[in-house]
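One structure below.
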Amino acid sequence: MEKMEETGRPVEAIEINLSSSSNGEWRAVMAEKLKGAARFEIHCWNEEQGEIKMALQYGKLKEAEWSYGKVIEGTVTKAFVDFLLTLPKPADTEIYNKMTPFFSIFLDNGFSSEHYGTELNQQ
């Protein structure tokens with residue numbers, strides 16, 4: 001299923017089992033998409049201080065006009081890939097069955113993992 005992004009470029013939604021008790025399927029998709037990426041952005045809400053601190057181990061704060069959160073940008077390195085792909089599935093799944101602790105992850109190859117890994121898209 002494709003939808004159009006605001007830029008007019010087609011966006012393909014990548015479906016995973018969102019009722020899963022593990023994030024293995026999310027990790028498999030991320031592993032594949034990370035292979036073709038050089039840079040990343042992670043978006044966290046301001047109150048997600050632990051997540052921001054984790055992301056800052058692999059990138060730096062980017063100036064952004066998002067008053068409700070922080071954007072961390074960096075280079076996709078082996079250390080970053082290892083970190084991201086070994087994160088446990090979050091336990092707080094009341095609102096979302098979270099696959100990752102990060103609200104959004106964007107890669108420079110057009111891939112995004114949004115709403116805590118519950119929406120995966122490829123431009």
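The values are calculated or read from the model by the stated rules, or taken from the named source; none is laboratory data. Note that the structure is a prediction, hence the values are computed from the model and not measured. Reconstructed Cβ throughout: ideal geometry from the backbone, glycine too, with neighbour counts over all protein chains shown. Note: areas computed on protein heavy atoms with side chains; ligands, DNA, RNA excluded. Shrake-Rupley method; radii C 1.70, N 1.55, O 1.52, S 1.80 Å.
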Q: Just read off the accessible area of Thr86 with the full protein assembly in place, 1.4 Å probe, to the nearest 10 Å².
A: 100 Å²
Q) Cα to Cα, under 24 Å, and not fewer than 8 places away if on the same chain: which lysines meet these conditions relative to Lys62? A) Lys33, Lys35, Lys53, Lys70, Lys78
**Q.** Å² per residue, accessible surface of the chain at 1.4 Å
**A.** 58 Å²
Q: Could you work out the relative contact order of the chain, using alpha carbon pairs under 8 angstrom and six or more residues apart, expressed as a whole percent?
A: 30 percent
Q. Say each of Glu12 and Glu65 gets a label point 7 Å from the Cα, pointing the same way as Cα to Cβ; how far apart are those two points in nm?
A. 3.3 nm
Q: Taking Rg and Dmax of the Cα atoms in Å as the quantity of interest, determine which of (i) 25.7, 80; (ii) 26.6, 83; (iii) 13.8, 37 was computed from the displayed structure.
A: (iii)
